[in-house]
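Here is the structure we will look at, set down as structure tokens.
The values are calculated or read from the model by the stated rules, or taken from the named source; none is laboratory data. It should be emphasised that the depicted structure is a prediction, and the values quoted were computed from it without experimental measurement. Reconstructed Cβ throughout: ideal geometry from the backbone, glycine too, with neighbour counts over all protein chains shown. All accessible areas refer to the heavy atoms of the entire protein, side chains included, with ligands and DNA or RNA removed. Shrake-Rupley method; radii C 1.70, N 1.55, O 1.52, S 1.80 Å.
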Amino acid sequence: MSRIVHFEIHASNPQVLIDFYSKLLGWSFNKFGEMDYWLIATGPQEQTGINGGLLKRPCAAPGESPAMNAFVCTACIDSLDESVAQATSLGARLAFPKMAIPGVGWLAYIKDPDGNTLGLMQFDEKVK
């Protein structure tokens, strides 16, 4: 079975998304080499999860190139309501409102300031 081991976020303006994800999720970004590429640390190595990268988008906006498709990543957060409020205050738009995932928790989707979709999950096994 194959597992996701890395993700990438494409950005029209990398610094805007570096600021957004740093403030929203506490991620850290480190420039990798001379190219427009940043490694993303999403948490401590001993914590379950994956790290990723951010790069300058090769086309002007999502969907303009049929070869440019994307995965939707979902981040585990402590409070869905607080995270959605913070995301929108940082320039995100709500893409799909809070919904119950029975036995798992609460999920919502936002669009970051560059139009990328991000899932936000608050785990709560008591959700029915």
Hey, can you tell me all the residues within the range 1-39 that are at pLDDT below 95 and of a type in the set (Val, Ile, Thr)? ILE4, VAL5, ILE9
Go through the range 90-107 and give me each residue that's among the aliphatic types (A, V, I, L, M) and assigned to a strand (DSSP E or B). LEU94, ALA95, MET99, ALA100, ILE101, LEU107
Going by the structure shown, is THR42 modelled with pLDDT of 95 or more, open to solvent by 30 Å² or more (accessible area, probe 1.4 Å) and within 27 Å of LYS126 (Cβ to Cβ)? yes
Which residue is modelled with the lowest pLDDT, if the candidates are limited to the range 45-83 and must be small (Gly, Ala, Ser) and under 16 Å from ILE4 (Cα atoms)? ALA70
Filtered residue count, the range 20-46, keeping only those that are touching a residue at least 12 places away in the same chain (Cβ under 8 Å) and in a helix (DSSP H, G or I): 5
Subset of the range 69-89 (residues that are in a strand (DSSP E or B) and open to solvent by less than 60 Å² (accessible area, probe 1.4 Å)): CYS73, ALA75
